[in-house]
Amino acid sequence: MSLSQLSAYQIAQQVQSKKASCREVVDDFLGRIEAVEERVKAFVTVTGDEARRRADMLDRRLASGEDIGALGGVPIAVKDALCTRGVKTTCSSKMLENFVPPYDAHVVERLAVDGAITVGKANMDEFAMGSSTENSAFFPTRNPWDLERVPGGSSGGSTAAVAALEAPLALGSDTGGSIRQPAAYCGCVGLKPTYGLVSRYGLIAFASSLDQIGPIANDVRDCALLLQSIAGHDRRDTTSINRSLPKYLDALTGNIRGLKVGVPQEFFAQGVQGYVSDAVHKAIDKMAELGAEVVEVSMPSTEYALATYYIIAPSEASSNLARYDGVQYGLRVHEMGDDIVQMYSKTRVKGFGHEVQHRIMIGTHALSSGFYDAYYLKAQKVRTLIRRDFEAAFQKCDVLATPTAPTVAFKLGENANDPFAMKLADVCTIPVNMAGLPAISLPCGFHEKMPIGLQLIGNLLDESTLLRAAHAYEQATDWHTQRAVL
Amino acid sequence: MSKYEIVIGMEVHAELLTQSKQFCACPNEAVAPPNTNVCPVCLGFPGSLPVLNAKSVDLSLRTVLAFDSKINTRCIFERKNYFYPDLPKAYQVSQRLLPLGEGGFIDIDVPNGDGTSTVKRVGLHDVHMEEDTGKSQHGESIGDPDSSLIDFNRSGIPLLEIVSLPDMRSVEEAEAYMTALRQLLLYLEVSDCKMELGRLRFEASLSLRPWGQEEYGTRVEVKNLNSMKAVRDSLRAEIERQTRILDSGGVVVQQTMLWDEASGTTQPMRSKEQAHDYRYFPEPDLVPLDIDSAWLERVRASMPELPRAKNQRFIEQLGLSSYEAGVLTSSREIAEYYEAALEGYTKSDGGAAKAISNWVCNELLGRVNAQNSSIAEAKVLPAQLRELVQLIDAGTISGKIAKEIFDEMFTSGRDAKSIVEERGLTQMSDTTELEAICEKVIAANPKAVEDYRGGKEKSFGALVGGVMKETKGRANPALVNELLKKALTQ
Amino acid sequence: MRLTSEEVDHIALLSRLDLSPAERERAATELSQILDHFEQLKQLDTADVPPTEHVLPVVNVLRADESRPGLPREGVLQNAPEHAGGMFQVPRVVEAE
């Protein structure tokens, strides 16, 4: 069996017990990338040479008896929104096509400490704005289950890489569902941690109050393993939470007897297809079989989450993306005789794709004088109502179970002319970001040979319960053992 | 008198005296080779995040406490969005809705023109924390008429913006405001206030209205003021300009003017026709400040006595004249010098405070000012000055000799005692020795003796002078008087 | 309600986006659509609801005032489209904002 068939947990064990060297692992995965990448197109940059060098270095340290970390020798795909020192970080935008950060993101440092090996920078929707990875300025990524379909987005490259076994682990970022929705589309497990659990330092910002970095893997245990590595306080991110962390792997007991699973009916409306609804309800039944108690909860404000999100996220983005003006880094378009305002405006219209421009304009308008109260302030108030709905729900239950996305992965180009259908893809995931809660997506069935995602939502900082519930369900089913055939 | 009442408000930016910048650990040092005190945060690189400097909050709190502003104990930062090449993130982290301080005041001394002054209270609109921008150089000054160059060393330096109400009614009041504010910031050790380095920057807004009119006239902002003189001159020029417009029946246009030192005129800023909409919103990358009473108490305890309180105390408790108190409290260094020199010094006649004040105000500051230096650089330490005065009190040296000794102390920094000993300048108080000298002088000046005895009191002075000359000024004058009188009446 | 072309021009200027006439037309349509969608929020009474500042009640996260050297200048300028004399170079800026 090829090493690339193994889980991250198994690879780390093989390396630690010296049954495989880091170099063998990396060579195996780079071989896999070579074999499938032309079809999947998960990566903007493959860092093969660097990965081999690092593998050799880790092997030497291992040989001298050093502990190389919990992820020692495990290859990982890193979303191209995360800064990597000396390695191009593009956010899949023409604006940053040649941007080489002089520093590493906090999570990249953590991965290095724990012995993981970055094999490449994963494609994404430009600046994480999108749900299909079609908004990459470079090329769309394909869904390994069906190359005619999208992998979801915005962390589509990260997720496709994991689904195609180009890497056992990947880092994504999730602002409105950008980890969970592609995880659902690609049959992977993707976790968005509690806002503040993972430092955002070095994550190229989309919407600061919603962005959160999280793990993508092929099973819940790998997801927990990667979460353990990246979670924890960082002084460079003021919103990073400073408290001691549980051992997430210890949470995977397989026992959910007495766990209260809330089912909010509002998450089964708004375009959720019957086959998705059925699969999710079957999963909930399965959890009940395992001893969980199912309770109905109501969350009336969540129907406003989409509109709220499309005010708050673009508002923050309009400000976060204002720095791309061609002065210090990135693209500059400057024609003879242009003044500085023309330089800015031409640079930004050439450097940003349509969706990014569209959202910048929404956000600019929502914050502008005379509209702020009606849009931005109103949205932040509705956000409070959405959070209160979650607070009330968690009075009654430990986790919430919902669909991750209303459909399975759609075809490339299918929603290109229907921006609203595209946005609806995030309707079940967005409310979670509004409240800063942790949530995980894991496979719970198939429709027309495409994976369906179950979303479990946990209470603030209660990743342990979330992982325990997800793991128990996963172990009682075999969805996670199925792989795309390439 | 002009037909118009002058209305002036001031916006002041003070760079705070911290080691590091507002939101990153780069040195708070703009004067360095370009772009050497910068990092991903103050360059606004993608993925960077701000972390607030604790010291700068403390310094800002000191200031709002000194202004007696209402403190927003829960305050937040906001983003002020605009594009400009020296603003690396294209937004400035600032405060608007919930600034650190709201209201408050600064008392200023407005000169009456006859040497006296009147206290006036200038109200404040708000006091808020923000970050400085980078610095651009344009065109010819960099040898390239088509380019501007940007250095981000200044980017992210902590700033406090102090916005006054339009409470000033003359250029003199504006000057007094600047003086008082600067004095206060220096006392508080909040800023070094070096205007020439841009560490303290003033912007004025000025309008005129006919006397008796309630509503304000159209406001014009005046920028590019890098000295107190520039503020004064630009305001005068702008008053003239607006007066001319109004006199000729014209209308003042609301705009920003730049002071042009060379021509001595204000010129409209040639900014492109642009929409100004800063789109403020709460900075999501920073959490709110929640300032509790323990925090405020800690800051309060770190504050020095403020200049006005000190001035009052010097007058009421130490019995100094208001002139002396004014000189001694004009800067924190002078006041601290004075108080250190006074420490532990007493005088039987109760004139201790006055005696030290005379020496500091006249002798020390006279010499310091003549050298264009500052009291902090003076070689004579407060304890040394005190010792010198004590030598006079003890009759060891005369006041006249003391001044000579002080000259030497001022240049060398040596102790008075060692100078006195080395030069043999100890006052002569030995009766026997002085009696002999008096006899000698009397014998040598028969004419003066005769005149004195004949009722010419003035001649006595000549004899005293003779003794002093004979003793090179070291004779104790009181003793000489006594001995001469005794000898002459024999 | 459809945004006027003046409104779209204003938004594009504030956003510093040099849109072609066709792009302006498209922006007017798309922005108007999404603004219509936002109308639904008006149904909610939020008069007594405080806006969300942060999802977690964290306050006073501060850093001790200690300085460290910044980036080496190569790192500062390596991504600059144009630089001269250690500084970032841009077309001449006429006056301060």
**OP:** Inspect all residues belonging to the stretch A:443-452 and state whether any of them is farther than 23 Å from C:LEU56 by Cβ and among the β-branched types (Val, Ile, Thr).
**Re:** yes
Original post:
So which pairs qualify, if the first residue must be in the stretch A:40-69 and in a helix (DSSP H, G or I), the second must be surrounded by fewer than 14 Cβ atoms within 10 Å (Cβ to Cβ), the Cβ gap must be under 6 Å, and the two must be at least 6 apart or on different chains?
Top reply: none
**OP:** Look at the stretch B:5-37 and say how many of its residues are touching an Asp or Glu at 6+ places or on another chain (Cβ under 6 Å) and among the β-branched types (Val, Ile, Thr).
**Re:** 1
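When the stretch B:98-127 is examined, which residues are found to be among the small types (Gly, Ala, Ser) and open to solvent by less than 70 Å² (accessible area, probe 1.4 Å)?
Here is the first cut: in the stretch B:98-127, the residues among the small types (Gly, Ala, Ser) are B:101, B:103-104, B:113, B:115, B:117, B:123.
Passing the criteria: B:GLY101, B:GLY103, B:GLY104, B:SER117, B:GLY123.
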**OP:** Any chance you could count how many residues in the stretch A:409-439 are outside any loop (DSSP other than H, G, I, E, B), buried (at least 19 other Cβ atoms within 10 Å of the Cβ) and touching a residue at least 60 places away in the same chain (Cβ under 8 Å)?
**Re:** 9
Original post:
Which condition breaks for B:LYS89 when tested against (1) more than 10 Å from every other protein chain (Cβ to nearest Cβ); (2) open to solvent by 10 Å² or more (accessible area, probe 1.4 Å); (3) not in a helix (DSSP H, G or I)?
Top reply: (1)
Original post:
Within the stretch A:409-438, how many residues are at pLDDT below 95 and touching a Leu at 6+ places or on another chain (Cβ under 8 Å)?
Top reply: 4
**OP:** With a cut-off of at least 2 residues that are charged (D, E, K, R), name the helices (runs of 4 or more DSSP H) lying wholly within the stretch A:152-236.
**Re:** A:220-230
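Among the candidates A:ASP56, A:ASP28, which residue alone is closer than 11 Å to A:GLY73 by Cα, in contact with a helix residue (DSSP H, G or I) (Cβ under 9 Å, 6 or more places away or on another chain) and not aliphatic (A, V, I, L, M)?
Numbers: A:ASP28 fails: closer than 11 Å to A:GLY73 by Cα.
From the options A:ASP56, A:ASP28, the qualifying one is A:ASP56.
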Subject >> Of all residues making up the stretch B:130-165, the number that are of a type in the set (D, E, K, R), farther than 13 Å from C:GLY85 by Cα and open to solvent by 30 Å² or more (accessible area, probe 1.4 Å) >> reply: 4
Original post:
Given B:GLY465, B:GLY455, B:GLY461, which one is assigned to a loop (DSSP other than H, G, I, E, B), surrounded by fewer than 16 Cβ atoms within 10 Å (Cβ to Cβ) and not aliphatic (A, V, I, L, M)?
Top reply: B:GLY455
Original post:
Any residue at all in the stretch A:330-351 that is more than 30 Å from C:GLN40 (Cα to Cα), open to solvent by less than 10 Å² (accessible area, probe 1.4 Å), within 14 Å of chain B (Cβ to nearest Cβ) and β-branched (Val, Ile, Thr)?
Top reply: yes
Original post:
Could you say whether any residue in the stretch B:111-122 is modelled with pLDDT of 95 or more and facing chain A (nearest Cβ under 10 Å)?
Top reply: no
**OP:** Of all residues in the stretch B:197-229, count the ones that are surrounded by fewer than 18 Cβ atoms within 10 Å (Cβ to Cβ), in contact (Cβ under 8 Å) with a residue 24 or more places away in the chain and closer than 16 Å to B:GLU172 by Cβ.
**Re:** 1
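Can you tell me which residue is farthest from the other protein chains (Cβ to nearest Cβ) among those in the stretch B:273-318 that are of a type in the set (Lys, Arg) and either open to solvent by less than 20 Å² (accessible area, probe 1.4 Å) or over 31 Å from the mean Cα position of the chain (by Cα) (or both)?
Quick first cut of the stretch B:273-318, residues of a type in the set (Lys, Arg) only: B:279, B:298, B:300, B:308, B:310, B:313.
Now narrow it down to the ones that are either open to solvent by less than 20 Å² (accessible area, probe 1.4 Å) or over 31 Å from the mean Cα position of the chain (by Cα) (or both): B:279, B:310.
Numbers: B:ARG279: 4, B:LYS310: 27 Å.
Per the stated criteria, the residue is B:LYS310.
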**OP:** Residues being assigned to a helix (DSSP H, G or I) and at the interface with chain A (Cβ under 7 Å from one of its Cβ atoms): count how many of those fall in the stretch C:59-86.
**Re:** 1
Original post:
Is there a residue in the stretch A:244-264 that is open to solvent by 10 Å² or more (accessible area, probe 1.4 Å), within 30 Å of B:ASN53 (Cβ to Cβ) and either in a loop (DSSP other than H, G, I, E, B) or more than 12 Å from chain B (Cβ to nearest Cβ) (or both)?
Top reply: yes
**OP:** Could you tell me whether any residue of the stretch B:424-435 is out of contact with any strand residue (DSSP E or B) (no Cβ under 9 Å at 6 or more places or on another chain), more than 30 Å from B:VAL380 (Cβ to Cβ), part of a helix (DSSP H, G or I) and at pLDDT 85 or above?
**Re:** yes
Subject >> Residue in the stretch C:45-58 that is farther than 30 Å from A:ASP389 by Cβ and either in contact (Cβ under 8 Å) with a residue 12 or more places away in the chain or more than 7 Å from chain A (Cβ to nearest Cβ) (or both) present >> reply: no
**OP:** Looking for whichever is surrounded by fewer than 23 Cβ atoms within 10 Å (Cβ to Cβ) and under 28 Å from the mean Cα position of the chain (by Cα) here; the options are A:SER277, A:SER315. Which one fits?
**Re:** A:SER277
Subject >> B:GLN22 vs. criteria open to solvent by less than 10 Å² (accessible area, probe 1.4 Å), touching a Cys at 6+ places or on another chain (Cβ under 8 Å) and either farther than 19 Å from B:TYR278 by Cα or away from chain A (no Cβ under 12 Å) (or both) >> reply: no
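The values are calculated or read from the model by the stated rules, or taken from the named source; none is laboratory data. All figures in this text were calculated on a predicted structure; none of them were measured in a lab. FYI the Cβ positions are ideal-geometry reconstructions off the backbone, even for glycines, and counts take in every protein chain you see. These area figures cover heavy atoms from the full protein model, side chains too; ligands, DNA and RNA do not enter into them. Shrake-Rupley method; radii C 1.70, N 1.55, O 1.52, S 1.80 Å.
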